[in-house]
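The structure under discussion appears below in the form of structure tokens.
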Amino acid sequence: MFGRSVAFGVVFAVAALGLSACTAAPDRTQEAARLQSEIAVMPGVQQFSAYTSNNITQGTRLGMSADMHGADREQIVAVVARIKQLEGHDFDKYQQKAEFYVADKATIVREGGLDAGQIADDSLRLRQFATSAAANIDAVEWTRSGKSSRLWIAKGQHPFEILAAADTAFADQAVRLQMITNADSDYQWWTVSLPLSADRRTAVEQLLSTLPGQTSSVTVRDGHISRLIVEIAPRDVPETALRAMIAAIAPTTAHPLLLMWRQGLSDNALRFAGSVDVGACDYTNEYGSDLRADLATPDSTALQDKLRAEYDTCRR
């Protein structure tokens, strides 16, 4: 993983040299080279690269990659503090991204400012998680950018075991966990707001196991299922299946549910698909829940209208 990042840095830097249209920010190639030469030899650092771009096409950026999977907390603090010291104000006009490889399969990512103590503490938490979940994940990245905190997990398997490990490692952290599981998983896309207590995790697991159809995407917020994408089995009556899901999850205005569904394709490639925001009225969200009317079958549109009139809170 580190090797891919270093290779990217080389390509990134070479491409930048080939472009003559620069921004108003000063060139910091020499300062980046100093960063690389000094940080690379610090205790706990196995490899380090720093690279810049300063052109209209790619923007004004400083990127850093550090392999520190054997470093202890004090070494991580010292390295990050030295990076900040060497940077000074030289890169104030640069967008910054730093990657710290702190364990096998585990990366800390920062976009913006560097907090040495926080990065060190996060490294220990992420190592704990990566160790306990090693058999069930291909890779994990923990990114902080401003006030946002996101944990990205690639190729997970046994998602509830992963969530249990995450709850232990990040119990005191407000983190948005996003996970794509193996292709043979019943639940392939996950978004979970952590922490998620053991009792709520068990409740979600039991609830999902009882739902009809196949669930391809799950969102859990505040310990409750807040969004589902489901594939209704061909043998099931869609309205019956959807009402059963709503009754089982029992959404409220405090914990609404955006339920999105589909069921195969008709002969003319129109989709039997729709959505209902049970307990709320938000059809212009980040997921783009509304299907274009000309792509939906008339009977699916009729079912969607019926369920929305009964379950959502939109004024009519």
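The values are calculated or read from the model by the stated rules, or taken from the named source; none is laboratory data. For clarity, every value in this text was computed on a predicted model and none was experimentally measured. Using ideal geometry, Cβ is built from the backbone for each residue, glycine included, and neighbour counts are taken over all protein chains shown. Ligands, DNA and RNA are excluded from the accessible area calculation, which covers all protein heavy atoms including side chains. Shrake-Rupley method; radii C 1.70, N 1.55, O 1.52, S 1.80 Å.
Pairs under 6 Å by beta carbon, first residue more than 18 Å from Gly156 (Cβ to Cβ) in the range 186-213, partner hydroxyl-bearing (Ser, Thr, Tyr) and part of a strand (DSSP E or B), six or more apart or different chains?
Every condition considered, no pair remains.
Which residue is nearest to Asp299 (Cα to Cα), if the candidates are limited to the range 184-240 and must be in a loop (DSSP other than H, G, I, E, B) and open to solvent by less than 30 Å² (accessible area, probe 1.4 Å)?
The extreme case among them is Ile232.
What's the number of the condition Asp90 fails, among (1) in contact with a Lys or Arg (Cβ under 8 Å, 6 or more places away or on another chain); (2) modelled with pLDDT of 95 or more?
(2)
What number of residues within the range 105-140 satisfy the criterion of being in contact with a Ser or Thr (Cβ under 9 Å, 6 or more places away or on another chain) and open to solvent by 50 Å² or more (accessible area, probe 1.4 Å)?
3
Can you tell me which residue in the range 256-295 is modelled with the highest pLDDT, limited to those that are farther than 15 Å from Ser216 by Cβ, small (Gly, Ala, Ser) and open to solvent by 40 Å² or more (accessible area, probe 1.4 Å)?
My answer is Ala269.
So, in the range 166-180, exactly how many residues are more than 17 Å from Thr107 (Cα to Cα) and either touching a Ser or Thr at 6+ places or on another chain (Cβ under 6 Å) or open to solvent by less than 10 Å² (accessible area, probe 1.4 Å) (or both)?
Number satisfying all stated conditions: 0.
Say whether the condition of being touching a residue at least 12 places away in the same chain (Cβ under 8 Å), open to solvent by 20 Å² or more (accessible area, probe 1.4 Å) and in a strand (DSSP E or B) is met by at least one residue in the range 155-165.
There is at least one residue in the range 155-165 that is touching a residue at least 12 places away in the same chain (Cβ under 8 Å), open to solvent by 20 Å² or more (accessible area, probe 1.4 Å) and in a strand (DSSP E or B).
Residues that are in contact with a His (Cβ under 9 Å, 6 or more places away or on another chain) and in contact (Cβ under 8 Å) with a residue 12 or more places away in the chain: list the strands (runs of 3 or more DSSP E) wholly contained in the range 32-148 that include at least 2 such residues.
95-103
Conditions (1) on the phi > 0 side of the Ramachandran plot; (2) of a type outside the set (A, V, I, L, M, F, W, C); (3) at pLDDT 95 or above, marked per residue:
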position	(1), (2), (3)
Lys155	yes, yes, no
Ala171	no, no, no
Gln178	no, yes, yes
Ala183	no, no, no
Tyr187	no, yes, no
Pro195	no, yes, no
